[in-house]
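As structure tokens, the structure follows; a few thoughts come after it.
The values are calculated or read from the model by the stated rules, or taken from the named source; none is laboratory data. Given the structure is predicted, the values throughout are model-derived calculations rather than measurements. Every residue, glycine as well, gets a Cβ built from its backbone with ideal geometry; the counts of neighbours run over all protein chains shown.
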Amino acid sequence: MSQYQKIAINFTKEEKEKLDEIVAREQGVTRSDLVRQAVDYYLGYYVQRESMNYISPIISETIKSILHHFEDNISELIFKLAVEVSKNNIITAHQFKFDDELLNYFNTVSRQLVAEHNGVIDLKTAQDYLTENFFRHSGDD
């Protein structure tokens, strides 16, 4: 058991009344117990505050590093996806023998679709768009 040393502490009348209120509510708690608990709590808070000045930049740098690594991975995946889409486009254009005018039209339509739908395009939307615009347009020739 720890040895206690007796010290004198000065309180205002209001502080002493608050201490006595809490002591009266809590069974088995003395003024000394309450003051020791308050001092322990504040010392813990004070040490924690000093630690935060040390830990906070470390946490910040760790988060930045994780985000940078995540960004690199996403960029690599997007690049790989773009390569695959490009290969698919080349094969499709060659197979159906699209001319430059039709390729330009598909490019324009694709940009408009993506812009109008914030990048979220399902096949049904694309089919409806082409049916309304492309096939009607190509029948005008």
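General observations
- Count - residues of region 70-120 that are within 24 Å of Asn133 (Cβ to Cβ), in a helix (DSSP H, G or I) and of a type in the set (D, E, K, R): 4
- Residue check for Tyr41: of a type in the set (Phe, Trp, Tyr), surrounded by 10 or more Cβ atoms within 10 Å (Cβ to Cβ) and modelled with pLDDT under 85: no
- Residue pairs meeting the criteria (Cβ under 8 Å; at least 6 apart or on separate chains; first under 19 Å from Ile78 (Cα atoms), in region 107-129; second of a type outside the set (Val, Ile, Thr) and surrounded by 10 or more Cβ atoms within 10 Å (Cβ to Cβ)): Ile121/Leu113
- Among the candidates Ile63, Ile74, Ile22, residue that is of a type in the set (A, V, I, L, M, F, W, C) and touching a residue at least 12 places away in the same chain (Cβ under 8 Å): Ile22
- Checking each residue in region 24-33 for being surrounded by 11 or more Cβ atoms within 10 Å (Cβ to Cβ) and either farther than 17 Å from Ser2 by Cβ or in contact with a helix residue (DSSP H, G or I) (Cβ under 6 Å, 6 or more places away or on another chain) (or both) picks out Glu26, Val29, Arg31.
- Residues located in region 1-43, provided they are in a helix (DSSP H, G or I), over 45 Å from the mean Cα position of the chain (by Cα) and not basic (Lys, Arg): Glu14, Glu17, Asp20, Glu21, Val23, Ala24, Ser32
- Qualifying residue in region 55-68 (condition: surrounded by fewer than 10 Cβ atoms within 10 Å (Cβ to Cβ) and over 23 Å from the mean Cα position of the chain (by Cα)): no
- Scanning region 44-80 for residues being closer than 30 Å to Ala8 by Cβ and at pLDDT 85 or above gives a total of 0.
- Residues in region 81-117 that are surrounded by 10 or more Cβ atoms within 10 Å (Cβ to Cβ) and among the basic types (Lys, Arg) were compared, and the one that is modelled with the highest pLDDT is Lys87.
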